[in-house]
Amino acid sequence: MQRGPSEDLADAMTRSANYPLYVVTAAAGDETSGCLAGFVTQSSIEPVRFLICISKVNHTFPVAERSTGLALHLLGSDQRALASLFGETTGDAVDKFQDVRWSRGVTGAPVLAECAAWIEGSIIARFGAGDHEAFLVTVADGGAGSHEGRLMLEDVEDFQPGHPA
Ligand SMILES: Cc1cc2nc3c(=O)[nH]c(=O)nc-3n(C[C@H](O)[C@H](O)[C@H](O)COP(=O)(O)O)c2cc1C
């Protein structure tokens with residue numbers, strides 16, 4: 001087993017991980033925001049809960065802090081362009097919702113029309129998780145989308161995030 005300096009200890013884990021990508025969206029009043037997210041997991045079966053980690057430097061973060069709910073969209077394998085819009089541009093500079101179809105969900109969060117699957121729910125807890133904040137959400141609504149397959153981390157390894165973490 002190889003060991004190294006403390007900052008390198010997790011390197012083998014993080015470099016070899018591959019996981020599906022999501023778009024997480026939030027709204028506070030008229031302000032909408034959203035970003036591409038990979039740090040997402042189901043965290044409970046009964047009741048179903050999801051844990052979504054949002055970087056504290058993202059435009060999405062202060063909007064999510066003021067939101068009652070979040071919407072989470074699993075992306076299909078053909079949705080690189082949507083992933084680029086939400087992951088390579090920032091709401092500090094562009095309105096990501098101008099050129100995508102969306103509607104208000106039951107919590108007020110923007111629900112995107114195009115995805116593989118989605119859920120929306122209330123934020124019931126949040127806590128600091130390092131340079132990201134973890135948001136625990138319920139499932140109040142959701143369903144399948146029309147896109148097939150899964151967009152994975154390894155499909156977007158050339159992406160430059162709109163914000164450094
Ligand atoms: C592959 C990939 C995965 C990402 N995962 C996350 C994540 O889990 N959480 C997060 O807050 N940002 C994540 N980001 C970064 C944001 O999506 C990106 O910085 C975005 O431009 C921020 O937009 P905003 O400033 O409008 O919120 C990821 C970016 C990429 C390219």
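Place the peptides 107-118, 127-138 in order of packing, highest mean first, counting for every residue the other Cβ atoms within 10 Å and averaging per peptide.
Peptide ranking by packing, descending: 107-118, 127-138.
At a 1.4 Å probe, what is the % contribution of carbon and sulfur to the accessible area of the range 1-107?
On the way: 3100 of 5980 Å².
Here carbon and sulfur together make up 52 percent of the probe-accessible area.
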#### Entry: Neighbourhood net charge (15 Å Cβ-Cβ; Lys/Arg +1, Asp/Glu -1) for Ala117
-4
### Query
Ranked highest first by average number of other Cβ atoms within 10 Å, how do 77-88, 31-42 line up?
31-42, 77-88
### Message
Can you list residues from other chains, or at least 5 along the same chain, whose modelled amide H is less than 5 Å from the amide H of Cys35?
### Response
Val24
### Query
With the other protein chains left in place, how much accessible area per residue, in square angstrom, belongs to the range 17-165 at a 1.4 angstrom probe?
48 Å²
### Task
Determine, from the Cβ-Cβ distance of Gln42 and Asp92 and an R0 of 41 Å, the FRET efficiency 1/(1 + (r/R0)^6), rounded to the nearest 0.05.
0.85
#### Entry: Inverse of mean 1/r across different Cα pairs in the chain, Kirkwood, Å
16.2 Å
### Task
Would you compute the Debye intensity of the range 112-164 from its alpha-carbon atoms alone, equal scatterers and no solvent, and pass along log10 I(q)/I(0) at q = 0.17 Å⁻¹ to two decimals?
-0.88
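The values are calculated or read from the model by the stated rules, or taken from the named source; none is laboratory data. On a predicted model such as this, the values are computed, not experimentally measured, just so you know. Cβ coordinates were reconstructed from backbone atoms using ideal geometry, including for glycine residues, and neighbour counts include every protein chain displayed. Note: areas computed on protein heavy atoms with side chains; ligands, DNA, RNA excluded. Shrake-Rupley method; radii C 1.70, N 1.55, O 1.52, S 1.80 Å.
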